[in-house]
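Reading through the structure tokens given below for one structure.
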Amino acid sequence: MLFSQADVAALSAAQKDEILFGKTFGRLPPPCHAVLVLGGGIDDMRSRAASAAALLARVPIGKVIACGGVARQFGGEALPECEILCRLLQEAGVQAEIVLENNSKDTIENILYAFTLLKNDLFTEKGLNVAVVTSPWHLRRATELAKCLMPKTVSVYGYHSDYGRQRLTGECAPTLITQAENELRFLREAVECGFADDFEI
């Protein structure tokens, strides 16, 4: 059965796990021109910043693009997600150039606005490797969207350092189950709109 034909609510935990975590997303990418760290809730951004720092410690990276223009409370201040990510990345020891993308309000805009910050590089490079760092449950859709929205000369990789440990099967937090179920609905919309390829489940 194709994913687009499935009743998301009726999927078993094992099926949901396979859809969100069963592919090769999360493997260590090759050296990258840039890493896009996507904004989100504070706890998500802490995890994403730590994962980006872990990636930079293992793989040569040109620059980090901290994405997100939504204002969130952080340390008693209302700051855009990109500024929070920048602080968290610096606290995690990231030494690379950090570029702030402060216009986006969702995942698609994260990627599109980040690409505008990379477009000049396409004129000087034959091809770019770009890694997308986000939460494990969000990784498949974010990576698929980036592949769809960026030119074919850009090779896109999805990464999170704890990818293999945040799964649905077995014991997991109720919040993870809720996030994963919401993500499945968003992924279904992305497939229906043509932003991601349909697939067999």
Å² per residue, accessible surface of the stretch 46-201 at 1.4 Å: 49
The chain, helix-only ellipticity at 222 nm - DSSP H runs n ≥ 4, -39,500 (n - 2.57), divided by all residues, nearest 500: -12000 deg cm²/dmol
Across 16/147; 16/152; 126/152; 105/126; 105/152; 63/126, pairs whose alpha-carbon gap is larger than 20 Å: 16/147; 16/152; 105/126; 105/152
Accessible area of the chain belonging to carbon and sulfur atoms, whole % at 1.4 Å probe: 49
Extreme residue, positive dipole direction of the stretch 25-172, given options 103, 92, 158 (C-beta unit charges): 158
Extreme residue, positive dipole direction of the chain, given options 76, 22, 57 (C-beta unit charges): 57
Value of relative contact order over the chain, rounded to a whole percent, pairs C-alpha under 8 Å and six or more apart: 30
Sparse-neighbourhood loop sites, trypsin sites (Lys or Arg not before Pro) in the stretch 1-110 - DSSP loop, at most 13 other Cβ within 10 angstrom: 27, 58, 105
Relative contact order (%) - criterion: Cα under 8 Å, at least six apart; region: the stretch 111-160: 45
Beta bridges per DSSP with both ends in the stretch 69-201, % antiparallel, nearest 5: 40
Radius of gyration and Dmax over the Cα atoms of the stretch 15-114, both given in Å: 13.7, 41
Highest-fluctuation residue, 176, 184, 88 considered, GNM on the chain with Cα pairs under 10 Å: 176
Taking the convex hull of Cα positions in the chain, its mean projected area over all directions (nm²): 11.1
Cβ-placed point charges (K, R +1; D, E -1), dipole of the stretch 1-148 about Cα centre in debye, nearest 20: 360
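The values are calculated or read from the model by the stated rules, or taken from the named source; none is laboratory data. Bear in mind that the values here come from a model prediction, so they are computed numbers and not experimental data. All Cβ positions, even for glycine, are placed from backbone atoms using ideal geometry, and neighbour counts span all protein chains on display. The protein model used for the area step is the full one, side chains on, heavy atoms only, and it has no ligands, DNA or RNA in it. Shrake-Rupley method; radii C 1.70, N 1.55, O 1.52, S 1.80 Å.
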